[in-house]
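Trainee: Here it is: the structure, laid out below.
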There are 4 protein chains.
Amino acid sequence: MAKNFGAVRGLSRFEGFTDAVFAIALTLLIVEIKPPGAHDGPHGYDSLVHAMAEQWREHLALLLCYVTIGAYWLQHHYTGRIYARSDHVFGLINLLFLLVIVVVPYPIRVWCFHLGTAFEPAAAVTLTVALASTAIAWMMKWFYGMSGGRRVMDERLAPDFLKQMTRRYGIATAIQIVAVPVALASPRIGAGIALLTVAWFLIPQPSPRYRPGQEPGREEKEEA
Amino acid sequence: MAKNFGAVRGLSRFEGFTDAVFAIALTLLIVEIKPPGAHDGPHGYDSLVHAMAEQWREHLALLLCYVTIGAYWLQHHYTGRIYARSDHVFGLINLLFLLVIVVVPYPIRVWCFHLGTAFEPAAAVTLTVALASTAIAWMMKWFYGMSGGRRVMDERLAPDFLKQMTRRYGIATAIQIVAVPVALASPRIGAGIALLTVAWFLIPQPSPRYRPGQEPGREEKEEA
Amino acid sequence: MAKNFGAVRGLSRFEGFTDAVFAIALTLLIVEIKPPGAHDGPHGYDSLVHAMAEQWREHLALLLCYVTIGAYWLQHHYTGRIYARSDHVFGLINLLFLLVIVVVPYPIRVWCFHLGTAFEPAAAVTLTVALASTAIAWMMKWFYGMSGGRRVMDERLAPDFLKQMTRRYGIATAIQIVAVPVALASPRIGAGIALLTVAWFLIPQPSPRYRPGQEPGREEKEEA
Amino acid sequence: MAKNFGAVRGLSRFEGFTDAVFAIALTLLIVEIKPPGAHDGPHGYDSLVHAMAEQWREHLALLLCYVTIGAYWLQHHYTGRIYARSDHVFGLINLLFLLVIVVVPYPIRVWCFHLGTAFEPAAAVTLTVALASTAIAWMMKWFYGMSGGRRVMDERLAPDFLKQMTRRYGIATAIQIVAVPVALASPRIGAGIALLTVAWFLIPQPSPRYRPGQEPGREEKEEA
């Protein structure tokens, strides 16, 4: 029997709240980029194309933030078929995870704004620490959900499926933790490893597998 | 039998997330417009009306952004009766589509802020490329949903209805692609063509038609 | 039989999207107010309390925006028991209504920032025009929903209930339209009338009444 | 029989709207923190790490705002199992509660930005007044929901459970009110008491208890 902390609720409202944080985090990115010549008084730029190209650091930051947050949204949406309910501690860990998601544009921008400058080493360490923290928060949700007799996870899932997913998420997290010391030694390579691991989350995960005879019907899957 | 990538889920949460991105993209537009005299120290304006009228570029940008994003929301809401479920790749393409939606205020503002200046030609090309990209991302969702044995589309829809909608969306996309070279030759005409095509999305699309005997009941339609 | 434009859908997703726009419009207000001494370099203020009091125009603007948008949210939430479904044109009119909701902080701020200055007359007219426009957009939704054989309204509602609500909303709209010429003659009085009419929306509306024998059960009401 | 004001509706849409306001309030916090060297022209900072450390007031403010708003979200999510429906006055009180939630980053930032300066006493009083107001608005929702024959609360809940929760929320509110005069005498201690009381909301509350024979089934709990 699952042991829960605080009141148990279904996942629907919980997912809706989390989706809203993701949606806002993705959409807010654009407010940081101002069109050239819009709010800053006269510019001395020769051409508009040149002026927009000079904003390459901000465009790159927007793209990297979007890929990072978007990749985690895809995984969050996927695990909506794995988690089945929420309790208080799951909500607390989820808030911690969302804090990292909300904050991650800061280190990504710091890195983009100092690429190729004397501050790139410090920026790369900042970036890799932030991405490793995101992965660790994700793993905290995963382990909490799986432990305590599947506190908030679907009991019908096959143990070997959960073992496979633990391995997949665990390896990705380990690589992102290793990227921190790598970034200390070689900033560009450490940052590259961390970002590529995030991009790996864009690839589909295996479809959930269930204990024999407990496979949900198509109706339930399409309502989940 | 439909071939899906990754885990299949119903459309409800997927639509909720997408609706949230649209809602934020529409609402964020207002933060870019500051009331005259609010944050910028003393102004030398003669009258408040004059000062507000001098912001015409920002008011026009807000209106065009709102119409563009709003028109796509109407189409997205409409296709909620055509798509029936989501999988991983559909989520990925949708994130790409939402990236364009989130980013589109930038080129629209660039265009409005340089209308009638020496930079209008470059701004018009930027605008038409952005609008064509939005249309192409929309078509990617459409073709992915329809292919692979109707991966994520309602199987009950009549083939001739889908053919009709493919033609309608396809022609609109083609016009927006053609608007790019037109903008190179004649900036104002190219931008006008692209914007009018977006406005065409404000007009109702045909009601979904189903294979004989598979028409959903009124209850399902009103819950969809 | 109701005559609809475009595809008919239930109200759930439609309300969710509209709720999200309201939620963002209410929450965004705070980004306009910066704590004294936060981002603007050294201040010469003598005391923190004095510095915060000097921001009274911005605090007043936030409060008035919140009351205005909040009052319309209450009415929107209420009419979720009156409207029963959506079609394309209803979505289009709703987008127009939401545009006014999103934009209304601008005229409210303009008015607050110029209270007691030479620009108050122009600001008061701006404010009353904006509030009248919001009321008119609300009425457009109402009349569209009621016409065409109750296109998107619950058919079970008693005709005299709808008549009563049409009168209530209609009178409020008429007062807000009249406030515009009043503001031309007497800025403070015109603005006051318009704002008080909005505040009247904070008061509960009558509970929906149904045709005999068509009263929905408690379960439906609590799920609606 | 419960006495309601205005039209009664289920809690679903009401919670969705409230969740959206919480989600935005949590996510907006990041727009206040700009990466060093991003938008402010040349900096004279010696190292990037030093420059980021110099932003400690803003990082602290983000963390405190996130904990405060997050703790209230956890309680709001929890009470989704206690409240069962909404009426007009409940919506009005909820809007008041959300206003305080939306505004609370302002006093928190004021306090963080003046910690250790001559303005700390005034800032601490501002902070404690704001946190006490949040708690009072929360209690208003609670008492309204419980009164009038359980207007909007689940009738099946055991009276002793509600008595226990009233005591728990009541004591927390009383402590936060007491923190205001304490802050007048000793700014740091008053602010500390108020913030610790908010942090106490991060701890799980007791699971809802029901009248004998009225315990909802697991299905309902997981759908709630």
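Trainee: Restricting attention to segment C:174-213, which residues are more than 28 Å from C:Ala118 (Cα to Cα), under 13 Å from the mean Cα position of the chain (by Cα) and crowded, with 20+ Cβ neighbours inside 10 Å? If you could, list the steps in order and put the result at the bottom.
Mentor: First, pick out the residues of segment C:174-213 that are more than 28 Å from C:Ala118 (Cα to Cα): C:174, C:200-213.
Of the ones still in play, those that are also under 13 Å from the mean Cα position of the chain (by Cα) are C:200-202.
Scanning segment C:174-213 gives a single hit, C:Phe201.
Trainee: How many of the residues in segment C:108-121 are assigned to a loop (DSSP other than H, G, I, E, B) and touching a Lys or Arg at 6+ places or on another chain (Cβ under 9 Å)?
Mentor: The first filter runs over segment C:108-121 and keeps only residues assigned to a loop (DSSP other than H, G, I, E, B), leaving C:115-119.
With the extra rule that they be touching a Lys or Arg at 6+ places or on another chain (Cβ under 9 Å), the set shrinks to C:115.
Within segment C:108-121, residues that are assigned to a loop (DSSP other than H, G, I, E, B) and touching a Lys or Arg at 6+ places or on another chain (Cβ under 9 Å) number 1.
Trainee: Among D:Leu127, D:Leu98, which is the only one that is within 13 Å of the chain's Cα centre (by Cα) and under 24 Å from A:Leu95 (Cα atoms)?
Mentor: D:Leu98
Trainee: Considering segment C:116-145 alone, what residues qualify as being of a type in the set (A, V, I, L, M) and surrounded by fewer than 19 Cβ atoms within 10 Å (Cβ to Cβ)?
Mentor: C:Ala118, C:Val129, C:Ile136, C:Met139, C:Met140
Trainee: Sort through B:Gly170, B:Gly149, B:Gly116, B:Gly192 and tell me the only one that's without any contact (Cβ under 8 Å) to a residue 60 or more places away in the chain and at positive phi.
Mentor: So the residue among B:Gly170, B:Gly149, B:Gly116, B:Gly192 that is without any contact (Cβ under 8 Å) to a residue 60 or more places away in the chain and at positive phi is B:Gly116.
Residues are listed down the side, and each one gets a yes or a no for (1) assigned to a strand (DSSP E or B); (2) touching a residue at least 40 places away in the same chain (Cβ under 8 Å); (3) more than 30 Å from B:Pro208 (Cα to Cα); (4) among the basic types (Lys, Arg):
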{"position": "C:Ala7", "(1), (2), (3), (4)": "no, yes, no, no"}
{"position": "C:Glu15", "(1), (2), (3), (4)": "no, yes, no, no"}
{"position": "C:Arg57", "(1), (2), (3), (4)": "no, yes, yes, yes"}
{"position": "C:Leu64", "(1), (2), (3), (4)": "no, yes, yes, no"}
{"position": "C:Val67", "(1), (2), (3), (4)": "no, yes, yes, no"}
{"position": "C:Gly70", "(1), (2), (3), (4)": "no, yes, yes, no"}
{"position": "C:Val102", "(1), (2), (3), (4)": "no, yes, yes, no"}
{"position": "C:Tyr106", "(1), (2), (3), (4)": "no, no, yes, no"}
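Every residue, every condition in (1) part of a helix (DSSP H, G or I); (2) of a type in the set (Ser, Thr, Tyr); (3) closer than 21 Å to B:Ser207 by Cα, yes or no:
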{"site": "B:Ser133", "(1), (2), (3)": "yes, yes, no"}
{"site": "B:Ile136", "(1), (2), (3)": "yes, no, no"}
{"site": "B:Met139", "(1), (2), (3)": "yes, no, yes"}
{"site": "B:Trp142", "(1), (2), (3)": "yes, no, yes"}
{"site": "B:Gly145", "(1), (2), (3)": "yes, no, yes"}
{"site": "B:Gly148", "(1), (2), (3)": "yes, no, no"}
{"site": "B:Phe161", "(1), (2), (3)": "yes, no, yes"}
{"site": "B:Thr166", "(1), (2), (3)": "yes, yes, yes"}
{"site": "B:Ala174", "(1), (2), (3)": "yes, no, no"}
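Trainee: Out of A:Ala20, A:Ala84, A:Ala25, report the one residue that is more than 25 Å from A:Val125 (Cα to Cα), buried (at least 22 other Cβ atoms within 10 Å of the Cβ) and facing chain D (nearest Cβ under 9 Å).
Mentor: Result: A:Ala20 is the single residue among A:Ala20, A:Ala84, A:Ala25 that is more than 25 Å from A:Val125 (Cα to Cα), buried (at least 22 other Cβ atoms within 10 Å of the Cβ) and facing chain D (nearest Cβ under 9 Å).
Trainee: Got a sec? Which of B:Phe113, B:Phe97 is surrounded by fewer than 23 Cβ atoms within 10 Å (Cβ to Cβ) and over 19 Å from B:Glu58 (Cα atoms)?
Mentor: Numbers: B:Phe113 fails: over 19 Å from B:Glu58 (Cα atoms).
Exactly one of B:Phe113, B:Phe97 is surrounded by fewer than 23 Cβ atoms within 10 Å (Cβ to Cβ) and over 19 Å from B:Glu58 (Cα atoms), namely B:Phe97.
Trainee: Scan segment A:1-17 for residues that are small (Gly, Ala, Ser), over 17 Å from B:Ser12 (Cα atoms) and facing another protein chain (nearest Cβ under 7 Å) and jot them down.
Mentor: Step one: list which residues in segment A:1-17 are small (Gly, Ala, Ser), which gives A:2, A:6-7, A:10, A:12, A:16.
Next cut, over 17 Å from B:Ser12 (Cα atoms) only: A:2, A:6-7.
Within segment A:1-17, A:Gly6, A:Ala7 qualify.
Trainee: One residue is enough: does segment D:155-163 have a residue meeting the conditions within 14 Å of chain C (Cβ to nearest Cβ), in contact with a strand residue (DSSP E or B) (Cβ under 7 Å, 6 or more places away or on another chain), over 19 Å from D:Leu195 (Cβ atoms) and surrounded by fewer than 22 Cβ atoms within 10 Å (Cβ to Cβ)?
Mentor: The first filter runs over segment D:155-163 and keeps only residues within 14 Å of chain C (Cβ to nearest Cβ), leaving D:155-156.
If we keep only those that are in contact with a strand residue (DSSP E or B) (Cβ under 7 Å, 6 or more places away or on another chain) too, we end up with D:156.
Filter again for over 19 Å from D:Leu195 (Cβ atoms), leaving D:156.
From what's left, surrounded by fewer than 22 Cβ atoms within 10 Å (Cβ to Cβ): D:156.
Yes, that holds for at least one residue.
Trainee: Can I ask one more? For residues that are assigned to a loop (DSSP other than H, G, I, E, B) and within 10 Å of chain C (Cβ to nearest Cβ), scanning just segment D:28-42, find the one that is modelled with the lowest pLDDT.
Mentor: Ranking the qualifying residues of segment D:28-42, first place goes to D:Asp40.
Trainee: Whether any residue in segment D:193-202 is at pLDDT 95 or above and of a type in the set (Ser, Thr, Tyr) is what I want to check.
Mentor: For segment D:193-202, residues at pLDDT 95 or above and of a type in the set (Ser, Thr, Tyr): present.
Trainee: Moving on. So A:Gly148 ticks every box in (1) surrounded by 21 or more Cβ atoms within 10 Å (Cβ to Cβ); (2) at pLDDT below 95 but one. Which box is left unticked?
Mentor: Against the list (1) surrounded by 21 or more Cβ atoms within 10 Å (Cβ to Cβ); (2) at pLDDT below 95, A:Gly148 comes up short only on (1).
Trainee: Among the numbered criteria (1) more than 7 Å from every other protein chain (Cβ to nearest Cβ); (2) in contact with a Ser or Thr (Cβ under 9 Å, 6 or more places away or on another chain), which one does C:Thr79 miss?
Mentor: Going through (1) more than 7 Å from every other protein chain (Cβ to nearest Cβ); (2) in contact with a Ser or Thr (Cβ under 9 Å, 6 or more places away or on another chain) one by one, C:Thr79 breaks only (2).
Trainee: Scan segment D:74-89 for residues that are part of a helix (DSSP H, G or I) and more than 17 Å from the chain's Cα centre (by Cα) and jot them down.
Mentor: Listed by number, the residues that qualify are D:His88, D:Val89.
Trainee: Another question, if that's okay. Is it the case that B:Tyr45 is at pLDDT 95 or above and of a type in the set (Phe, Trp, Tyr)?
Mentor: Criteria not met by B:Tyr45.
The values are calculated or read from the model by the stated rules, or taken from the named source; none is laboratory data. Just so we're clear, the structure is a prediction, and the values are computed from it rather than from any experiment. Please note: Cβ atoms are built from the backbone with ideal geometry, for glycine as well, and neighbour counts cover all protein chains shown.
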